[in-house]
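Here's the structure we're looking at; comments come further down.
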Amino acid sequence: MHDVHDFEDVKIPIGPQHPALKEPESFLISLRGEKITASSVRLGYNHRGIEKACEERTYTQGLYLIERICGICSHSHSTCFVQAVEEIAGIEITARAKYLRTLIGELERIHSHLLWLGVAGHEIGFDTLLMYTWRDREVVMDLLATLTGNRVNYGINTVGGVRRDISHKQKEEVLKAIDILEERTKYYIDLAKGETTLIKRLQGVGVLSHEDAEKLDAVGPTARASGIERDVRKDDPYAAYGELDFKVISVNSCDVYGRTLVRLGELMESFSLVRQVIRKIPDGSILVKSARKVPAGEAVSRYEAPRGEDLHYVRANGTEKPDRVKVRAPTLANIQSVSKMLEDRYLADMPIVIAAIDPCFSCTDRLVAVRDTKNKGSNTVVWETIRLQGIEWYKNKGIDFTSLNEKLTKLS
Amino acid sequence: MSRPGKITRLLIQSLFKKPATVNYPAKRSGMPEGFRGKLKFNPQMCIGCKMCMRDCPSGAIEIRKIGEKQFEAEVNLAKCIYCGQCVDSCLKHALEITAEFELAKLDPAQLKVILNVVNKDSLEE
Ligand code: SF4
Ligand code: SF4
């Protein structure tokens, strides 16, 4: 008979509902006692076919779809995409448009990092922090709504520039809001450095050594908390970043606490960036007229989203619609390091470790590769076949969408 | 120096402050100027070029000819993503965006609004 004290490894599937954030992905965890011995992550639960859908839309229409890849870094994706299109079309946008894109980008970073701070607080049972950070985040959300016309999907970018200018009154509003936010952030930095429970809970948790971060190609705050000074804004300046003065925040603690400090530090840098933009923004037009058709060509564009480097590839074929669009969201670059961070750690640390890379799983889901084990090799399946297969698959499960489809057609 | 319960002071201070939330819908804070909500259509200015339809990312707007040089717009509020692209695309300034955002309806049929000269109601809506 087995001795009950001899622990065998236990395997637990976690997901497809996220243990921390409300997004679908699943983890398979191997446990010995309380400790994780191995883990694997599986994505692909929320594939939305956005890349394919972009091929069916004009560049203008696609931009609004691309913006909806992420509900937090929407401006990141739309800027990244539009930069690629402008490169192919050979459009040089005006300086004012560049500054405006930078302004919205930094405000977005502020709202994203404050949101993260709240989520992190929630994951470690510090819900008070969640309540206060999210209250303060409303200041920047209102500001974004005033400047762009929406809280989340700003719709400020367009091929050739931006769609809305900033007025003198709005500039004042921005500065006023930034003052409030800076004061609040100073308080949170003070709190992060002085609250014992927070420090004890986060220090030494989710360790990702400098070497591992290099090897696994971590990006964004995850990489910067492991001592890698990697930031697209500095390494390959886009928009107005080349003309602005800012520091890349990095620490060497390699743990979740470090990731918290990096994000808080970046908030302070963002405030300074916003002030510089308001001070330096040149006069002029915000839009360069461009043709609807984009000449054949291809381009890769990089953008430092709040979560790390975002990458878009666009191939044009001379028509109004792109030939191919490829999106690599920052989470895909960071997800590999999660397994490393979890290794030999306690199960209870899992939610905060995952939350610490600030994941966006739905944004990451781009492609599902189904391996055909019977007939080795690959084959290409066309769009329509996949659609019909999907309908058939559901029918076999007893779910028939025909009536629903009819209802939908009636609605539209 | 670090100590536990550092946030307590803020908590106690907050007890004596007004709540941060608004008692919606009894109270409304309103939307900022330039907020992108429901569309407004000015039939007199429309020339029926359909540029708005061509650029709309969600196929939410339809321009129909209802008479000699007369057009009406049908907007599907459920499909519209309130991006305002149609407003930008219209060279005749026949479309306008308003800050109206409370557009939910119980009856799906009411989500389709027709904006034309005869239908004065929906013009103001
Ligand atoms: S773009 Fe303007 S003028 Fe042309 S059909 Fe639409 S509303 Fe009418
Ligand atoms: S606001 Fe956008 S989604 Fe709505 S009708 Fe206009 S273009 Fe279409």
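The values are calculated or read from the model by the stated rules, or taken from the named source; none is laboratory data. Nothing here was measured: the structure is a model prediction, and the numbers come from that model. No Cβ is skipped: glycine too gets one built from the backbone with ideal geometry, and neighbour counts run over all protein chains shown. Areas reflect the complete protein model, heavy atoms only, side chains present, ligands, DNA and RNA absent. Shrake-Rupley method; radii C 1.70, N 1.55, O 1.52, S 1.80 Å.
Number of Lys-Lys pairs in segment B:39-114 with C-alpha atoms under 22 Å apart and a separation of 8 or more places or on different chains: 18. Shielding of peptide A:192-203 by partners, expressed as the average count of other chain Cβ atoms within 10 Å per residue Cβ, is 3. Heavy atoms of the protein chains alone define the surface here; on that basis the protein assembly as shown has 50 Å² accessible area per residue at 1.4 Å probe size. Could you tell me which of rounded, prolate or oblate describes segment A:370-411, using a ≥ b ≥ c as the square roots of the eigenvalues of the alpha-carbon gyration tensor, with rounded for a/c under 1.5 and, failing that, prolate when a/b is larger than b/c and oblate otherwise? The shape class here is oblate. B:Met45 contributes an accessible area of around 80 Å² to the protein surface, as traced by a 1.4 Å probe with all chains present. Take A:Trp393: with every protein chain present and a 1.4 Å probe, its accessible area is about 140 Å². A simple rule links phi to the HN-Hα coupling: the Karplus curve 6.51 cos²θ - 1.76 cosθ + 1.60 with θ = phi - 60°, which for segment A:302-315 gives 10, 8, 8, 6, x, 8, x, 5, 9, 9, 10, 10, 10, 10 Hz, with x for Gly and Pro.
Computed with a 1.4 Å probe on the full set of protein chains, the accessible area for A:Tyr394 sits at about 90 Å². In segment A:50-334, a dipole from Cβ-located charges (positive for Lys and Arg, negative for Asp and Glu) runs towards its positive end, and of A:Gly265, A:Leu208, A:Pro237 it is A:Pro237 whose Cα lies farthest in that direction.
How large is Rg/Rh for chain A, to two decimals, with Cα atoms and a Kirkwood Rh?
Details: Rg = 22.9 Å, Rh = 23.0 Å.
Checking Rg against Rh, the ratio lands at 0.99.
Our helix-only sum for chain B, with -39,500 (n - 2.57) per DSSP H run of n ≥ 4 divided by its residues, gives a mean residue ellipticity at 222 nm of -4000 deg cm²/dmol.
Computed log10 I(q)/I(0) for segment B:35-124 at 0.11, 0.24 Å⁻¹: -0.26, -1.34, from the Debye equation with unit scatterers placed on every C-alpha and solvent omitted. For chain B, the fraction of 1.4 Å probe accessible surface lying on carbon and sulfur atoms is 56 percent. Ordering A:Val10, B:Ala104, A:Cys70 by the projection of their Cα atoms onto the charge dipole of the protein assembly as shown, which places +1 on the Cβ of Lys and Arg and -1 on the Cβ of Asp and Glu, puts B:Ala104 at the extreme positive end.
Summing both sides, how much accessible area is buried between A and B? Use a 1.4 Å probe and give Å² to the nearest 100.
That pair of chains buries around 2600 Å² in total.
When the charge dipole of segment A:81-137 is built from unit charges on Cβ atoms (+1 for Lys and Arg, -1 for Asp and Glu) and taken about the Cα centre, the candidate among A:His122, A:Val85, A:Ile104 whose Cα reaches farthest toward its positive end is A:Ile104.
Determine the order of A:Lys186, B:Lys38 by accessible area, beginning with the largest, at a probe radius of 1.4 Å.
Most to least solvent-accessible, the answer reads A:Lys186, B:Lys38.
At 1.4 Å probe size, put B:Cys49, B:Cys80 in order of accessible surface, largest to smallest.
B:Cys49, B:Cys80
For segment A:197-205, 3J(HN,Hα) computed residue by residue from phi via the Karplus equation (6.51, -1.76, 1.60; θ = phi - 60°) reads 4, 5, 4, 5, 6, 9, 5, x, 9 Hz, glycine and proline entered as x.
Quick one: order A:Phe81, B:Phe71 from most to least accessible surface, probe 1.4 Å. List each step's numbers first, then the result.
Numbers: A:Phe81 0, B:Phe71 25 Å².
From most accessible down to least: B:Phe71, A:Phe81.
Using the rule -39500 (n - 2.57) for each DSSP H run of four or more residues, divided by the residues of chain A, the 222 nm mean residue ellipticity is -15500 deg cm²/dmol. Computed from phi, the 3J(HN,Hα) profile of segment B:70-79 under the Karplus parametrisation 6.51, -1.76, 1.60 (θ = phi - 60°) reads 10, 10, 10, 10, 10, 10, 8, 5, 6, 8 Hz, with x in place of Gly and Pro.
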